[in-house]
Amino acid sequence: MSKRPIIAGNWKMFKTVAETRAFFNEFLPLVSGVSHCEIVVAPTFTSLGTAASAAAGSRVAVSAQDVYWEKEGAFTGEISVSMLLDAGCAYTIIGHSERRQFFGETDETVNRKVRAALAGRLQPIVCVGETLAERDGGKAVEVVRRQVRNGLAQLTESDLSPIIVAYEPVWAIGTGRTATPETAAEMHGEIRKTIGEIWGGPVAAATRILYGGSVKPNNIQELMRREDIDGALVGGASLDPASFAAIVKYL
Ligand code: PGA
């Protein structure tokens with residue numbers, strides 16, 4: 001199983017179609033020589049097709065920011081796995097903390113989405129992470145272990161191989177307050193331990209675990225030096241082509 005690092009950009013609710021086109025025009029030449037990691041960009045639904053066309057033939061893959069588990073039907077506002085594949089996505093983020101905080105996402109809905117994505121061969125980037133109150137209350141490890149166990153419930157050993165986990169402490173997202181590499185690596189170790197308890201050591205060792213939360217060009221290198229950190233999920237700093245390219249080229 002490949003353990004290539006992944007640097008993924010989560011654009012959240014930013015960028016029009018024209019802005020997406022402009023981003024790729026500037027970004028692709030900057031990363032054309034990169035082969036040490038996989039590069040993923042997650043635009044909004046309306047820009048997925050544009051991003052996929054722009055990235056065709058490059059090393060950049062396109063991800064959605066969310067997905068619904070049903071195949072089709074009367075589910076106003078939702079988008080299915082096959083629709084995302086059709087738009088050119090290879091990945092989807094699932095269970096981002098903003099979905100959990102503002103849109104009622106639960107471990108159970110995360111799990112349904114993960115299983116639907118796997119069934120359709122869309123690669124899930126499953127987000128977990130504790131809030132500040134949970135960390136201050138000494139509950140961080142317990143919360144994250146629960147999110148991993150429940151979010152990945154019912155999966156088999158072979159289901160785990162495409163799974164990417166992103167540890168994003170909520171207190172570090174968009175706050176400029178990055179977790180120290182030690183804090184991040186410690187939780188990555190806990191996540192790996194949890195996976196190991198359920199699916200065994202080799203599966204845990206092969207699972208890629210990304211860190212997210214105020215990743216910037218000036219802190220990526222230190223984070224990536226930690227053995228347990230297999231990449232990054234980048235929000236704000238992925239919106240600017242030069243800054244995202246600098247993160248991708250962390251070596
Ligand atoms: P940030 O966002 O890099 O802006 O903190 C990370 C994320 O939410 O994925």
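The values are calculated or read from the model by the stated rules, or taken from the named source; none is laboratory data. As the structure is a computational prediction, the values presented were derived from the model and not from experiment. When we count neighbours, we look across all protein chains shown, and the Cβ atoms used for this are built from the backbone with ideal geometry, even at glycine.
Results, tabulated for the structure shown:
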{"read-out": "Residues located in the range 151-175, provided they are farther than 15 Å from residue 97 by Cα and in a helix (DSSP H, G or I)", "value": "158, 159, 160"}
{"read-out": "Flag if residue 199 is surrounded by 15 or more Cβ atoms within 10 Å (Cβ to Cβ) and more than 13 Å from the ligand (Cβ to nearest atom)", "value": "yes"}
{"read-out": "Some residue of the range 73-80 being buried (at least 19 other Cβ atoms within 10 Å of the Cβ) and within 27 Å of residue 3 (Cβ to Cβ)", "value": "no"}
{"read-out": "The range 91-118, residues that are surrounded by 16 or more Cβ atoms within 10 Å (Cβ to Cβ) and within 16 Å of the ligand (Cβ to nearest atom)", "value": "91, 92, 93, 94, 95, 96, 97, 98, 99, 100, 105, 110"}
{"read-out": "Neighbours by Cβ (under 6 Å, 6+ apart or cross-chain): first from the range 195-210, under 18 Å from residue 167 (Cα atoms); second at pLDDT below 95 and hydrophobic (A, V, I, L, M, F, W, C)", "value": "206/1"}
{"read-out": "Index of the failed condition, residue 178 passing every other in (1) surrounded by 17 or more Cβ atoms within 10 Å (Cβ to Cβ); (2) within 11 Å of the ligand (Cβ to nearest atom); (3) modelled with pLDDT of 95 or more; (4) assigned to a loop (DSSP other than H, G, I, E, B)", "value": "(3)"}
{"read-out": "Test: residue 88 is surrounded by 17 or more Cβ atoms within 10 Å (Cβ to Cβ) and in a loop (DSSP other than H, G, I, E, B)", "value": "yes"}
{"read-out": "Selection from the range 225-251 of residues that are in contact with a Pro (Cβ under 8 Å, 6 or more places away or on another chain), surrounded by fewer than 21 Cβ atoms within 10 Å (Cβ to Cβ) and hydrophobic (A, V, I, L, M, F, W, C)", "value": "237, 246"}
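Yes or no, residue by residue, for (1) on the phi > 0 side of the Ramachandran plot; (2) more than 16 Å from the ligand (Cβ to nearest atom):
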{"position": "8", "(1), (2)": "no, no"}
{"position": "12", "(1), (2)": "yes, no"}
{"position": "25", "(1), (2)": "no, yes"}
{"position": "28", "(1), (2)": "no, yes"}
{"position": "37", "(1), (2)": "no, yes"}
